[in-house]
Each structure stands twice: as structure tokens, then as C-alpha cells.
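The values are calculated or read from the model by the stated rules, or taken from the named source; none is laboratory data. Source: prediction; values computed, not measured. Here Cβ is always computed from backbone atoms with ideal geometry, including for glycine, and neighbour counts include all displayed protein chains.
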Amino acid sequence: MKIIQTYKPLTPAVFYILLALARKEMHGYEIMKQVRNDSSGKISMGNGTLYGSLKRMLEDQLIEESEEKKGVDAVPRKYYRITKKGSEALGAEVQRMNDITLLVQSSNLSNLLSIQL
């Protein structure tokens, strides 16, 4: 019998942060730029949202701090990376989104909802 870990749906901020960190470890400003790019500008987070989300994600063990590194400007920066638990939560969220998309498509709701899938 396979036990499936269930995860609550992620907030948009947490989803996009995990998506960014799934590529590579990043520092805060780099995460903000990647989130803005990945969301086509729909999500633009300020420092409060970013660092509040990172703090909760650290507490939930979705991410962890990696070694502090110096940037090109020689300023030390705190870097973050996704954990196994974070990868699993991201995967569960992508699967949830995929399941919803398939349901909308199979129910012929995309025209009613005025969306293009």
C-alpha cells in the first residue's frame, strides 16, 4: 500500500517562490525577479511579502538556507534552496492544477469561463 502525502494548496507567493528555487538556489532579490518573470508580471512581491513568505517556508521546512555568498558587489547575501518536502509540495500543487485543468477541459467549461486552455 502506498501512502500519499497530502499538501494544502499553496498560496501564489509560495508556489512561485518554490518554482523559482526548483531551478537553483537563489538570494532574495533574485527570487523576486524570477517570480515576476515566471508570472509574466502578475505577481510582484515586495520585501515584506517575500521575506515573510520565506520565514514561514523555512518554519514549514519547504526551503532551507544555504551558504551565504558574496554577490558581484561583494555584499554577502543569504541564499535559499528548496527541500525534498518543498519539492513534494510543489509537485502536489502542479498535479492539483493539472487535475483541475483536465476537469475543466473534460466538462467543456473553458468556453463558459471565457478561458483558453
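Applying the criterion of being surrounded by fewer than 13 Cβ atoms within 10 Å (Cβ to Cβ) and among the small types (Gly, Ala, Ser) to the residues of region 25-60, the residue that is modelled with the lowest pLDDT is SER44.
Pairing residues of region 73-102 that are over 13 Å from ARG23 (Cα atoms) with residues that are in a helix (DSSP H, G or I), at Cβ distances under 6 Å and at least 6 apart in sequence or on separate chains, gives GLU93/PHE15. State all residues of region 8-18 that are buried (at least 18 other Cβ atoms within 10 Å of the Cβ) and within 15 Å of LYS85 (Cβ to Cβ); if no residue qualifies, say none. Once the filter is applied, which keeps residues that are buried (at least 18 other Cβ atoms within 10 Å of the Cβ) and within 15 Å of LYS85 (Cβ to Cβ), region 8-18 yields LEU10, VAL14, PHE15, ILE17, LEU18. Residues in region 19-72 that are of a type in the set (Lys, Arg) and within 21 Å of THR83 (Cβ to Cβ): ARG23, LYS24, LYS55, ARG56, LYS69.
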